1. Would you call residue 42 open to solvent by less than 60 Å² (accessible area, probe 1.4 Å) and either under 28 Å from residue 15 (Cβ atoms) or among the hydroxyl-bearing types (Ser, Thr, Tyr) (or both)?
2. Suppose the filter is open to solvent by 40 Å² or more (accessible area, probe 1.4 Å) and acidic (Asp, Glu); does residue 28 pass it?
3. Which residues, taken from segment 93-106, are over 18 Å from residue 37 (Cα atoms) and either within 12 Å of the chain's Cα centre (by Cα) or not hydroxyl-bearing (Ser, Thr, Tyr) (or both)?
4. What strands (runs of 3 or more DSSP E) completely inside segment 32-108 contain at least 2 residues that are under 24 Å from residue 126 (Cα atoms) and in contact with an Asp or Glu (Cβ under 6 Å, 6 or more places away or on another chain)?
5. Looking only at segment 6-25, how many residues end up being closer than 17 Å to residue 114 by Cα and open to solvent by 100 Å² or more (accessible area, probe 1.4 Å)?
6. Output the number of residues of segment 18-31 satisfying the condition of being more than 24 Å from residue 70 (Cα to Cα) and outside any loop (DSSP other than H, G, I, E, B).
Amino acid sequence: MNLKSFLKQNVIQSENVKYAASDRFLDDKNKPIEWEIRAITSKEDEELRKTATRKTPTGKRGQFTQEIDTNKYIGLLATACTVAPNLNDASLQDSYGVMSADELLKAMLLPGEYADYLAKVQKICGFDKSVQDLVDDAKN
């Protein structure tokens with residue numbers, strides 16, 4: 001094994017992906033506008049997971065269990081990965097009457113578009129393989 005291949009400068013960097021999240025946002029030539037999505041780092045992902053984790057009482061005095069709010073986490077992941085449009089732009093948020101990037105994304109996209117967008121973001125971040133896919137790969 002060549003350790004040099006693992007050095008940061010030798011790793012293939014992931015590039016941002018262009019994706020038309022909806023055919024309702026059109027440019028001046030009536031073509032769907034492509035959004036820009038980036039992959040986040042594992043450290044960024046860990047912070048998102050912490051933000052989406054809540055403590056719930058177990059029923060025993062003073063004891064809690066941690067649960068991740070999956071919907072909140074996926075929403076935070078999608079907003080963190082979205083480069084363009086800028087979901088933190090105050091004027092864009094004002095135009096939809098929302099106060100956060102997560103709310104804006106949900107307001108901009110129809111439910112099916114939102115689900116497709118979440119799937120695309122997860123794929124870009126490397127969450128596109130199920131456990132069964134990994135097991136099958138390992139067998140081959």
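1. no
2. Taking the combined requirement at face value, the residue satisfies it.
3. Once the filter is applied, which keeps residues that are over 18 Å from residue 37 (Cα atoms) and either within 12 Å of the chain's Cα centre (by Cα) or not hydroxyl-bearing (Ser, Thr, Tyr) (or both), segment 93-106 yields 93, 94, 97, 98, 99.
4. Hits in segment 32-108: 82-84.
5. 3
6. Qualifying residue count for the region: 2.
The values are calculated or read from the model by the stated rules, or taken from the named source; none is laboratory data. Keep in mind the model is a prediction, meaning the values are calculated, not measured. In this analysis, Cβ positions are derived from the backbone assuming ideal geometry, glycine residues included, and neighbour counts consider all displayed protein chains. Keep in mind that these areas ignore ligands, DNA and RNA; they rest on the heavy atoms of the full protein, side chains included. Shrake-Rupley method; radii C 1.70, N 1.55, O 1.52, S 1.80 Å.
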